[in-house]
1. Using the Karplus curve 6.51 cos²θ - 1.76 cosθ + 1.60 with θ = phi - 60°, work out ³J(HN,Hα) for each residue of segment 98-115 in order, rounded to whole Hz, and write x for Gly and Pro.
2. Excluding residues fewer than 8 places away in the same chain, name every one of the lysines whose C-alpha is closer than 27 Å to that of LYS296.
3. Semi-axes of segment 150-340's equivalent ellipsoid from the Cα gyration tensor, sqrt of 5 times each eigenvalue, largest first, rounded to whole Å?
4. Which of ARG336, ARG210, ARG316 comes first, and how do the rest follow, when ranked by fewest Cβ neighbours within 10 Å?
5. Using modelled backbone amide H atoms (1.01 Å from N, in-plane), which distant-in-sequence or interchain residues come within less than 5 Å of CYS86's amide H?
6. Using r as the Cβ-Cβ distance of ASN314 and LYS37, and R0 as 45 Å, what FRET efficiency do you calculate, to the nearest 0.05?
7. In nanometres, what is the gap between the two model label sites at LYS295 and LEU153, each 7 Å from Cα along Cα-to-Cβ?
8. Quick one: check the C-alpha center-to-center distance for segment 276-294 versus segment 120-136, whole angstrom.
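Please treat every number below as a calculation from the coordinates, not as lab data. Here the structure is a predicted model, which means the values were calculated and not measured. Glycine also receives a Cβ, built like all others from the backbone with ideal geometry; neighbour counts cover every protein chain displayed.
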Amino acid sequence: MMAIHEERGADGSSVKGWPYTDFATGWYQIGYSSEFKPGDIKPAKWLGQDLVIWRSESGKLSVMDAYCPHMGAHLGHVGQFGGKVCGESIACPWHGWRWDAEGKNVEIPYMKGETVNKRIDVKHAREIDGIVILWFDSAGAPPNYEWPGIPYLGDRNNYYAIDATVDGPHRVKPQFPFENSADPHHFPYVHGSGVDAEFTDYIVEGALIRNTMNMLFGAGKPRTWMTPNGPVEGTIDNFCWGTSLGVARFNIEGRVCVHLTFVTPIDAEQSVFFSTVTHTKDEGEDGDVPVGIAKKMMDAQHVQIRHDFHIWQNMRYRVKPIFTGEDERIRYAFLRRHFDQFYPNPVYAENRLPEAAE
Ligand code: FES
Ligand SMILES: [Fe+2]
């Protein structure tokens, strides 16, 4: 039988030409709160780390190094008899030692009254708006900012519950979806829009970078499902915390659709893509299930962003692209340099824009 091998870059990195030696510092999505019920234990691998994720009986979610300090069992692979949550601690499947949410050994069942001093490494994780995020820093530093949550516009109670699709592994880097916000000319080719987009300049606030895109939705068509009364000027507010938590917030005729496009590496080569979307309810709508244009818009976002994937999966990353025109030269270069600071081996010198081809 013929074996089919995926083509890989000569440097061993999954995306050919990728210049960075480790993952960027920042927050990364590793799931949704609803996936973890009290008493659940799950094995996971994110950002090159083997992990166990578990929720205590009282509801506290913990993300820890997977391996038991005793003899090294993976705490996330439970057995038929051992390996369970006991109140506020997790019991190892091998010899039943119990560890609390701080990683402290709280019980050795067959050595009554004795415990060991060795701790399990507990990771920095948060649950915000139903999203579970994990902090990564290649030097082990603790979080230096917090993710404020889904950037709802207006009353957050007026939005449908989040709708999520998850897929992978993909040969894609966390910052790729947000680079859409610097790339006005790909919209007609990749997303089928009638016109190029227009962007405002980026604003940087700590780890957050944002800009706004003005776009004529439904351009060139008498009407579409999104624009039943003909073309409409709308905006897309783009936000990105670190390199991975990229959000596009669509504002079209008073309707708001918020789309989170979070990419999280499993290891140096592959990532998982989390697509999370919510939308305002139309006036008079008080149900929980999206209907009408809201439903179509939410479904469309999950599909639209995936149109980029065949580009990202097969590209060679150009550290020095041929940038042309104001948008690319100023905005794309600015964005690349902004992302650069989060990596342990920045490749763009302080004052040098990557604007000329080699
Ligand atoms: S390996 Fe975990 S209790 Fe022995
Ligand atoms: Fe795109």
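1. Values, residue by residue: 10, 10, 8, 5, 8, x, 8, 6, 10, 6, 10, x, 9, 10, 3, x, 10, 9 Hz.
2. LYS221, LYS281
3. Ellipsoid semi-axes (Å, largest first): 27, 20, 16.
4. Least crowded to most crowded, the residues run ARG316, ARG210, ARG336.
5. Close amide H contacts, sequence-distant or interchain: ALA91.
6. E(calc), rounded to 0.05, equals 0.70.
7. Distance between label points: 2.4 nm.
8. 29 Å
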